[in-house]
Amino acid sequence: MPLALLALAVSAFGIGTTEFVMMGLLPQVADDLGTSVPTAGHLVSAYAIGVVVGAPLLTALGSRVPRKRMLLLLMALFTVGNLASALAPGFGWLVAGRVLAGLPHGAFFGLGAVVAARLVREDRQARAVATMFLGLTVANILGVPAATLLGQHLGWRATFLVVSAIGLLAMAALARLVPPVPVDGRQGLGREVRALGRPQVLLGLLTAVFGFAGVFAVYSYLASMTTEVMGFGDSTVTIVLALFGLGMTGGALAAGPLTDRALRPTLYGSLAALVLALVAFRFTVHVPWLALVTVVVLGAVGFMTTTPLQMLVMNKAKDAPTLASASNHSAFNLANAGGAWVGGAAVAAGWGWTSPALVGAALTAAGLLIAAVAGLLDRPGTGEGASRIVAGSPLGDERVTEAASPASGS
């Protein structure tokens, strides 16, 4: 694998750390800024709003900017957003800093996935994309727990200062390791928008919204399930979250080669496995050791859906995949927000702390149904095996290559 993928993974590590660390810092932020924890929870939503708005907006604005330069600009904006968060004099300014930090998230991952796919041979594109996302999963194992611990001992501002430093390191790695990847002169915003409007791309985005929502219906309340249902103490919550992160990493490692081999079967299989794992968690959560095993499985099968979904929308967008790829991350963040809202509504309705697992299973089952319908509607010969993002030139050749191998599962 090219060293450029390491630079993308380091960037993903920083982005993943800042995205999830706020959940562990809410009490410290609320106490320091004189607000309540529920009000401080709006900081999580502020970041998600930045992602949803920034993904299509910044991708559109940068459609003519050379890929490497755009990656550097996006990481610079991420660094500034985290620095602004660290220096925020009040709650309103911190909300603005979180929105600013979230703006480049989707655009970076969307463009980064396209660049990663173009750095390798056609038959290793999904593995390259999964390698970049590996930084995101490692952030949940190491970055988030370490940043939370740092914030608890040195203050939440120190956490965002360290994340800003990671952003600077990522910029240096991108500048040194990523080769120039020019934009095709034929490519423009109109072409990207038309690609985004293709039915198979829209169905892929809709699959992401519903399919991945099941993950966050549970993940958002995993800490409460740990203490209220599993019977563990508060000190165990970090361990349980780290186990979920370990599962995510395993899922990411498995998703790359499986997606390269058979995209749609990997998507169907991971969504189906996620439905079963969510239903099982409703019952295993009452048996501590079984609950911990199921948490790992949930992280694995949940994150195994991300690579095939990413490759699906990129392949279906064909010669203009950047906006579709970035919009996929808007879809994932809508899934995060929607899953957390539906899971919370189930708890608030008095259905108990285990109810998010069942409503999450229903959401993911809807995503699986959408994916199955999309597969049935896909015309013969236009499946994901029929087109790839590029022939694999690190020099940025934008041509779409027709694969010689048969379509995998369309």
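The values are calculated or read from the model by the stated rules, or taken from the named source; none is laboratory data. Only a predicted model underlies this, so the values are computations on that prediction, with no experimental measurement involved. In this analysis, Cβ positions are derived from the backbone assuming ideal geometry, glycine residues included, and neighbour counts consider all displayed protein chains. SASA here: full protein model, heavy atoms, side chains in, ligands and nucleic acids out. Shrake-Rupley method; radii C 1.70, N 1.55, O 1.52, S 1.80 Å.
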Filter result for the condition that a residue is within 21 Å of the chain's Cα centre (by Cα) and aliphatic (A, V, I, L, M), over A172, A116, A165, A96
A116
Residue list for the stretch 1-44, filter: among the hydroxyl-bearing types (S, T, Y) and under 30 Å from A128 (Cα atoms):
S11, T17, T18
Quick test for you: out of G352, G344, pick the one residue that is in a helix (DSSP H, G or I), over 30 Å from G112 (Cβ atoms) and out of contact with any Leu (no Cβ under 9 Å at 6 or more places or on another chain).
G344
Would a scan of the stretch 203-217 turn up a residue that is in contact with a His (Cβ under 9 Å, 6 or more places away or on another chain), β-branched (V, I, T) and under 25 Å from A346 (Cα atoms)?
no
Hey, can you tell me all the residues within the stretch 307-321 that are open to solvent by 10 Å² or more (accessible area, probe 1.4 Å) and assigned to a helix (DSSP H, G or I)?
K316
Given (1) within 28 Å of A324 (Cβ to Cβ); (2) touching a Ser or Thr at 6+ places or on another chain (Cβ under 9 Å), identify the lone condition not met by F160.
(1)
Given V296, V301, V279, which one is under 20 Å from A139 (Cβ atoms), assigned to a helix (DSSP H, G or I) and either over 15 Å from the mean Cα position of the chain (by Cα) or among the basic types (K, R) (or both)?
V296
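Would you call T131 in contact (Cβ under 8 Å) with a residue 60 or more places away in the chain, within 21 Å of T306 (Cβ to Cβ) and either in a helix (DSSP H, G or I) or in contact with a Ser or Thr (Cβ under 8 Å, 6 or more places away or on another chain) (or both)?
Working: in contact (Cβ under 8 Å) with a residue 60 or more places away in the chain: yes; within 21 Å of T306 (Cβ to Cβ): yes; either in a helix (DSSP H, G or I) or in contact with a Ser or Thr (Cβ under 8 Å, 6 or more places away or on another chain) (or both): yes.
So T131 fits the description; yes.
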Which of the residues that make up the stretch 61-76 are in a helix (DSSP H, G or I), more than 22 Å from A96 (Cβ to Cβ), at pLDDT below 90 and of a type in the set (A, V, I, L, M, F, W, C)?
none
Hey, could you check the stretch 24-59 for residues that are touching a Phe, Trp or Tyr at 6+ places or on another chain (Cβ under 6 Å) and crowded, with 21+ Cβ neighbours inside 10 Å and say which is modelled with the highest pLDDT?
V29
Matching entry among G143, G155 (being in contact with a helix residue (DSSP H, G or I) (Cβ under 9 Å, 6 or more places away or on another chain) and more than 24 Å from L74 (Cβ to Cβ))
G155
Sole exception among (1) on the phi < 0 side of the Ramachandran plot; (2) touching a residue at least 40 places away in the same chain (Cβ under 8 Å); (3) open to solvent by 30 Å² or more (accessible area, probe 1.4 Å) for L298, by number
(3)
Could you tell me which of the residues L395, L376, L368, L358 is at pLDDT 80 or above and either within 30 Å of K68 (Cβ to Cβ) or out of contact with any helix residue (DSSP H, G or I) (no Cβ under 7 Å at 6 or more places or on another chain) (or both)?
L376
Quickly run through the stretch 122-173 and pick out the residues that are modelled with pLDDT of 85 or more and within 11 Å of L25 (Cβ to Cβ).
A147, L150, G151, G155, W156, R157, A158, T159, F160
Would it be correct to say that L290 is assigned to a helix (DSSP H, G or I), among the aliphatic types (A, V, I, L, M) and open to solvent by less than 10 Å² (accessible area, probe 1.4 Å)?
no
